[in-house]
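As structure tokens, the structure follows; a few thoughts come after it.
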Amino acid sequence: KETEYAILGLVALSKKEGFVDVKKLAAEKNLPEALLSKTFQKLTVAGLLESKVGPSGGVKLKKPSKETTLFEVVKAVQDMKILNCLEGGAPYCGKSGCVLKKKIFEIEKDIQVFLTKTTLADLNKETK
């Protein structure tokens, strides 16, 4: 959920000018304020958001939406390992007979390429 809220929050934020109050953004997008705030803190630490305290404070994107990739967003809020070994032996997997190992690596690489190529601006185009 945290990654989903991060993406939804950032897409909404990318359509706004200046600093935006997280509480107002959460209410506007019907997202849980506490989780969005926690998620935005991680995004700020990762260098994707700039935050400002005070009456005119809030958060804003640190760089343009066309330069912010989904890979950066996902990496900031979750482990990049998309799939886990069913037998608990990941990374994929130490067993010589694992029939999934090669395919899992291919899938994860494809997902990483997609996330790296897709920007917040791309998502804004799709939501119009």
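Just so it is clear, none of the values below were taken in a lab; they were calculated from the coordinates. This structure is a prediction, so every number in the text was calculated from the model and none was measured. Note that each Cβ is placed from the backbone with ideal geometry, even for glycine, and that neighbours are counted across all protein chains shown.
Computed values, structure above
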{"read-out": "Loop-located GluC sites (Glu not before Pro) in segment 10-86, at most 12 other Cβ atoms within 10 Å (DSSP)", "value": "E17"}
{"read-out": "Sequence-distant lysines (8 or more away, or on other chains) whose Cα lies within less than 17 Å of K117", "value": "K63, K66, K75, K109, K125"}
